[in-house]
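Okay, so here's the structure we're looking at.
Computed from the coordinates by the stated procedures, all read-outs in this text should not be read as laboratory data. All values derive from a computational prediction rather than experimental measurement. In this analysis, Cβ positions are derived from the backbone assuming ideal geometry, glycine residues included, and neighbour counts consider all displayed protein chains.
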Ligand SMILES: [Zn+2]
């Protein structure tokens, strides 16, 4: 962040899309990224080092997540999450859930009593069930009843399968139009189709993680007018440490779009603070008029 434009960022930043896993699971995930995508993760840092790296670079509040890539591991991950949350009071978490686990709903209900567990992360590409799988309905209803939220990897980036994409997500919203969910990665790679859902679904948010990295070859193609109009529904997230390019590249790309000071304040701080306080479920923020030039 050497550009003078970096002065337009609020300090400290709130990063709403960070991954923290136990060390051995991180090792396995980094190996899997090479196998599945040919991706060598840039920062192979374990959780304490991740937080140190971010904090040295102006990040304050961190919202992290992890997910259960198969049944039988969510409880262990969540026990680990409780320990990590206890060790660092400025952390917030989207916890792990797998619908095939025995007592998964009882576990979920107990976890949601924790003030810094914001809800659950579902990584549908990896977990291999669709967002409208009826086994998830009780989870969604519990999350809504408790005023919590979901973080969903439900887009077709970096690759798709039959479980992700805007079509299965639209089926889910037909059943739960007020679902309080964050669509990770701006809905990559169907940015426009996911963006089109915002007006009718006031509790949907988008996060920027992995969506503004020109080196990747595919950048979010939503217009600056769209980003301004919906700036109160967009959360900054880095996807750290599981990125292939520096987190500064995403920040510089967004700064290079020369959006309003209000955009940078909302996306890089204020929306994340509302999320962490559990006050972002207010029927959604009204859109701002697009900036005209
Ligand atoms: Zn991620």
1/(1 + (r/R0)^6) with r = Cβ-Cβ of residue 245 and residue 25, R0 = 22 Å, i.e. FRET efficiency to nearest 0.05, evaluates to 0.45
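Specify whether the C-alpha gyration tensor of the chain places it in the rounded, prolate or oblate class, a ≥ b ≥ c being the square roots of the eigenvalues: rounded for a/c under 1.5, otherwise prolate if a/b is larger than b/c and oblate if not.
On the way: a/c = 1.39, a/b = 1.18, b/c = 1.18.
Rounded is the answer for the chain, as its axis ratio a/c remains below 1.5.
Full extension from residue 260 to residue 55: what is 0.36 nm times the residue separation minus their Cα-Cα distance, to one decimal in nm? Intermediate values should be presented prior to the final figure.
Details: separation 205, 0.36 × 205 = 73.80 nm, distance 2.51 nm.
Stretched fully, the residue 260-residue 55 segment lengthens by 71.3 nm.
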Pick from 132, 36, 258: which residue has the top mean-square fluctuation in a GNM of the chain where Cα pairs under 10 Å get a spring? 36
GNM on the chain, C-alpha springs below 10 Å: top fluctuator among 37, 137, 176? 37
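Apply the a/c threshold of 1.5 to the C-alpha gyration tensor of the stretch 82-169 and tell me whether it is rounded, prolate or oblate. Show your work: numbers first, answer last.
Working: a/c = 2.14, a/b = 1.54, b/c = 1.39.
Here the stretch 82-169 falls in the prolate category.
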Across 204, 235, 51, the residue with the highest GNM fluctuation in the chain (Cα network, 10 Å cutoff) is 51
Expressed as a rounded percentage, what relative contact order does the chain have, with Cα pairs under 8 Å and six or more residues apart? 21
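Pulled fully out, how much extra length does the chain show between residue 171 and residue 44, if you take 0.36 nm times their separation in residues and subtract their Cα-Cα distance?
Working: separation 127, 0.36 × 127 = 45.72 nm, distance 3.69 nm.
Result: 42.0 nm gained on full extension.
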Computed label-point distance, nm, for sites residue 102 and residue 141 using a 7 Å Cα→Cβ extension: 2.4
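Could you work out [θ]222 nm for the chain from helices alone, using -39500 (n - 2.57) per DSSP H run of at least four and dividing by all its residues? Round to the nearest 500 deg cm²/dmol.
Working: 12 runs with 102 residues, N = 293.
After summing the helix terms and dividing by the residues of the chain, the value is -9500 deg cm²/dmol.
Can you compute the FRET efficiency between residue 37 and residue 113 using 1/(1 + (r/R0)^6), with r the Cβ-Cβ distance and R0 = 51 Å? Round to the nearest 0.05.
On the way: r = 37 Å, r/R0 = 0.72.
So the FRET efficiency works out to roughly 0.85.
Give the shape of the stretch 1-112 as rounded, prolate or oblate, defined through the alpha-carbon gyration tensor: a ≥ b ≥ c are the square roots of its eigenvalues, a/c under 1.5 means rounded, and otherwise the shape is prolate if a/b is larger than b/c and oblate if not. If you can, show how the numbers build up before the last one.
On the way: a/c = 2.45, a/b = 1.47, b/c = 1.67.
Because a/c hits 1.5 or more and a/b fails to exceed b/c, the stretch 1-112 counts as oblate.
Of 245, 92, how do they rank once you tally other Cβ atoms within 10 Å and put the fewest first? Each step should come with its number before you reach the end.
Details: 245 13, 92 25.
Ranked by crowding around the Cβ, least crowded first: 245, 92.
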